[in-house]
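Asks: My questions all concern the structure below.
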Amino acid sequence: MAKTTIPQKTQSALWARAGGRCQYRGCNEDQVGDLISGREDATFGFIAHIVGDSVDGPRGDAVRSPQLARSLENLMLMCAKHHKLIDVVDVDGHPESLLLAMKAEHESRIQVVTAIDEDRASHVIRFGANIGENEALVSTKAIFAAMPPYHHPASGQTIDLELVGCAYKDDEPAYWIFQRDNLRRQFDAKVRGRVERQEVRHLSVFALAPQPLLIELGRLLCDIVPATVRQRHREPATWAWQPDQPPIAFTVSQPASTGGRPVALKLGISATVTDERITKILGDDAAIWSVTAEHPHNDILRRPEDQAAFRTLMRSLFDRIKAEHGEDAVLHVFPAMPASLAVELGRVWMPKSDLAMTIYDNNRAAGFVPTITIGND
């Protein structure tokens with residue numbers, strides 16, 4: 001254990017840089033206050049030396065130990081468990097280089113988070129089935145960690161819109177009406193009123209749900225308040241954007257001719273949707289428009305720029321389809337796309353300008369089944 005007395009100014013600087021949290025990688029435990037004892041102003045962290053402050057200490061060095069004994073750059077804030085781990089239990093497993101990397105990562109994160117302006121506060125919407133039971137998929141911790149540097153949580157509480165238990169199966173029309181109405185009621189109760197009272201000025205949306213309901217959520221959001229829709233990635237498992245990925249190459253195709261036939265929009269971005277699956281439902285005369293990706297897969301969306309490109313593309317495409325088929329047509333939508341793009345599709349759709357849409361869901365047993373219609377209710 002340390003033998004050197006650390007000046008109070010240096011201690012204060014370390015606590016500030018660490019944000020009062022353990023700097024051991026993956027810990028981040030708050031070292032201020034104690035819920036068990038009720039001592040809210042107590043501090044429980046330990047100041048640990050990276051290079052030991054004596055030659056015979058952990059990672060000690062005859063020359064550098066006395067030079068670095070009181071150096072802020074050689075000190076880390078640790079919880080009791082990790083202080084003992086690096087200095088007693090597993091000294092060899094914690095070389096200087098590893099501890100320096102941990103310190104740098106932690107202090108960089110604290111600097112980014114605390115530097116976020118107040119006007120970047122954002123209320124978080126979580127939308128999913130039984131959120132509490134699927135914490136790993138829509139966890140508050142993972143969501144909050146993904147928001148900086150663009151936004152920070154306006155509150156420690158999320159706005160949860162849950163899919164509730166339903167006796168109907170998802171290949172039955174009653175299931176979709178039930179869940180649509182449930183979503184609308186929850187949105188009105190938890191979101192719309194707060195926006196109208198100007199309690200909410202920005203929303204960050206984290207959603208994992210069936211695609212028809214994601215589109216409906218986007219329709220409810222529309223442009224009532226600025227919003228950012230986030231995408232959960234599978235590899236690595238995170239909600240944070242992956243800016244080093246290549247852009248998505250979207251391709252638009254249209255039917256050879258137009259007329260009074262059923263009009264379909266195929267969105268094959270995360271998976272391939274064949275025309276045969278659509279004509280099996282709508283008939284061989286269906287006029288099929290499509291938006292596809294060059295290499296569709298279920299982890300394709302990595303960058304916010306691709307979201308923006310998709311929004312621009314769909315805004316233009318909705319106009320083109322209406323111009324070709326007339327204002328009385330109903331657009332049959334067959335989606336296979338990332339969750340955030342489903343929400344964005346609903347946000348782009350304009351109730352006074354665009355065709356009504358019947359949304360289909362891909363049911364493993366029954367194929368595509370009609371679910372809800374947007375725009376004629």
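Asks: How far is helix 304-325 tilted off the main Cα axis of the chain, in degrees rounded to 10, range 0 to 90?
Replies: 10
Asks: Also, quick follow-up: For Asp87, Asp244, what's the fewest-to-most ordering of other Cβ within 10 Å of each Cβ? Please list the in-between numbers first.
Replies: Numbers: Asp87 20, Asp244 7.
Listed from fewest to most nearby Cβ atoms, that is Asp244, Asp87.
Asks: Taking C-beta distances below 4.7 angstrom as the pairing criterion, name the unpartnered cysteines of the chain, in sequence order.
Replies: Within the chain, the cysteines lacking a partner Cβ under 4.7 Å are Cys166, Cys222.
Asks: Applying 1/(1 + (r/R0)^6) with R0 = 22 Å to the Cβ-Cβ distance of Glu305 and Arg120, what FRET efficiency is obtained, to the nearest 0.05?
Replies: Working: r = 19 Å, r/R0 = 0.89.
Efficiency, rounded to the nearest 0.05: 0.65.
Asks: What translational diffusion coefficient, in µm²/s and rounded to a whole number, does the Stokes-Einstein relation yield for the range 8-114 at 4 °C and a viscosity of 1.567 mPa s, taking the hydrodynamic radius as the Kirkwood radius over Cα pairs?
Replies: Numbers: Rh = 14.1 Å.
For the chosen part, D equals 92 µm²/s.
Asks: Given the options His49, His233, His123, state which has the largest fluctuation in a GNM of the chain using a 10 Å cut-off (strictly under) for Cα springs.
Replies: Most flexible of the set in this elastic network: His49.
Asks: Quick one: putting +1 on the C-beta of Lys and Arg, -1 on the C-beta of Asp and Glu, what dipole do you get for the chain around its Cα centre, in Debye to the nearest 20? Intermediate results must be reported in sequence, preceding the final value.
Replies: Details: 42 positive and 49 negative charges, 97 e Å.
Using Cβ point charges on Lys, Arg, Asp and Glu, the chain gives about 460 debye.
Asks: Take the range 286-357, compute every pairwise Cα distance, and split them into 10 Å bins from 0; I just need the percent in each bin.
Replies: 17, 53, 26, 4
Asks: Sticking with this one: Out of the DSSP beta bridges found with both residues in the chain, what percent are antiparallel (nearest 5)? Please list the in-between numbers first.
Replies: Details: 18 of 51 bridges.
About 35 percent, rounded to the nearest 5.
Asks: Could I ask something else about it? Could you work out which residue, out of Arg21, Arg64, Arg120, moves most in a Gaussian network model of the chain, that is, has the largest mean-square fluctuation with Cα springs under 10 Å?
Replies: Judging by the Gaussian network model, the answer is Arg64.
Asks: Taking the Cα atoms only, what angle lies between the long axis of helix 96-114 and the longest principal axis of the chain, rounded to 10 degrees?
Replies: It is inclined by approximately 60 degrees.
Asks: Give, in whole angstrom and from largest to smallest, the semi-axes √(5λ) of the equivalent ellipsoid of the range 118-230, with λ running over the eigenvalues of the Cα gyration tensor.
Replies: Working: eigenvalues 123, 53, 24 Å².
Calculated on Cα positions only, the semi-axes equal 25, 16, 11 Å.
Asks: Could you work out how far apart the two model spin labels at Asp171 and Tyr150 are, taking each label as a point 7 Å from the Cα in the direction of the beta carbon, and quote it in nm?
Replies: 3.9
Asks: Related question: Roughly what would the spin-label model give for Leu72 and Asn363, points 7 Å off Cα along C-beta, in nm?
Replies: 6.4
Asks: Can I ask one more? Explain nothing, just the number: relative contact order of the chain, from Cα pairs under 8 Å at least 6 residues apart, as a whole percent. Spell out each step's value before the answer.
Replies: Numbers: 642 pairs, mean separation 48.6, N = 377.
Over the chain, the number comes to 13 percent.
Asks: So how do Cys22, Cys79 line up by other beta-carbon neighbours within 10 Å, fewest first?
Replies: Numbers: Cys22 26, Cys79 20.
The order, fewest Cβ neighbours first, is Cys79, Cys22.
Asks: Compute the angle between helix 339-348 and the longest alpha-carbon principal axis of the chain, please, reported from 0 to 90 degrees and rounded to the nearest 10.
Replies: 60
Asks: Turning to a different aspect of this structure: Kirkwood Rh, the chain, all Cα pairs: how many Å? Let's see the in-between values first.
Replies: Working: mean 1/r = 0.0416 Å⁻¹.
For the chain, inverting the mean 1/r across all distinct Cα pairs yields 24.0 Å.
Asks: OK, next. Springs between alpha-carbon atoms under 10 Å, Gaussian network over the chain: tell me which of Ser316, Ser204, Ser290 tops the mean-square fluctuations.
Replies: Highest fluctuation of the listed residues: Ser316.
Asks: Grab the other residues whose beta carbon is less than 14 angstrom from that of Lys169, score K and R as +1, D and E as -1, and report the net.
Replies: Numbers: positive: Arg364; negative: Asp170, Asp171, Glu172, Asp361.
Charge balance near Lys169 sits at -3.
Asks: Within the chain, how many Lys pairs sit with Cα atoms under 28 Å apart, leaving out pairs fewer than 8 places apart on the same chain?
Replies: 21
Asks: Using the charge dipole of the chain (Lys, Arg: +1 at Cβ; Asp, Glu: -1 at Cβ; taken about the Cα centre), state which of Ala256, Ala329, Cys79 has its Cα farthest towards the positive end.
Replies: Cys79
Any read-out appearing in this document is the output of simple, stated calculations on the displayed coordinates, not a laboratory observation. Everything numeric here is computed off the predicted structure, so don't read it as measured data. Counting neighbours? That spans all protein chains shown, and the Cβs are built from the backbone with ideal geometry, glycine included.
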